[in-house]
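Encoded as structure tokens, the structure appears first; notes follow it.
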Amino acid sequence: METTRDEVFSRLQTIFDELFLDEVVVTPELSAKDVEEWDSLMHISLVVSVEERFGIRFRVGEVEATRNAGEFVNLIFDRLGGSHV
């Protein structure tokens, strides 16, 4: 069964809930500048957690090129073999 973007958002929300102390609601527009706790170390933890949970690997600079959670979800979705509609 193919994973949908909504499922990716849901799984990403679970990761955020585990990593961040304060509640962070993952929306397509969410970016690191919106979350005080989201610093460079937290960013690394987030990327590593996503790679582990989704069973994917990102290329150097790929995640940094995303501007918000929506673009990050698109990147995850692409790595999972999803196709843009």
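The values are calculated or read from the model by the stated rules, or taken from the named source; none is laboratory data. This structure is a prediction, so every number in the text was calculated from the model and none was measured. Please note: Cβ atoms are built from the backbone with ideal geometry, for glycine as well, and neighbour counts cover all protein chains shown.
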Query raised in the report: Yes or no: residue 70 surrounded by 15 or more Cβ atoms within 10 Å (Cβ to Cβ), touching a residue at least 40 places away in the same chain (Cβ under 8 Å) and outside any helix (DSSP H, G or I)?
Result: no
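This table checks each residue for (1) within 11 Å of the chain's Cα centre (by Cα); (2) closer than 21 Å to residue 6 by Cα; (3) of a type in the set (Gly, Ala, Ser).
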residue	(1), (2), (3)
22	no, no, no
31	yes, yes, yes
38	no, no, no
47	yes, yes, no
56	no, yes, no
65	no, no, yes
71	yes, yes, no
80	no, yes, no
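Among the residues of segment 40-67, what is the count of those that are in contact (Cβ under 8 Å) with a residue 40 or more places away in the chain and surrounded by fewer than 16 Cβ atoms within 10 Å (Cβ to Cβ)?
Within segment 40-67, the subset in contact (Cβ under 8 Å) with a residue 40 or more places away in the chain is 53-54.
Filter again for surrounded by fewer than 16 Cβ atoms within 10 Å (Cβ to Cβ), leaving 53.
Going through segment 40-67 one residue at a time, the tally reaches 1.
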Requested in this report: Could you please give the count of residues in segment 1-51 that are within 22 Å of residue 82 (Cβ to Cβ), at pLDDT below 95 and among the hydroxyl-bearing types (Ser, Thr, Tyr)?
Outcome: 2
Requested in this report: Considering only segment 26-52, state which residues are under 18 Å from residue 9 (Cα atoms), part of a helix (DSSP H, G or I) and in contact with a Leu (Cβ under 8 Å, 6 or more places away or on another chain).
Outcome: 45, 46, 49, 50
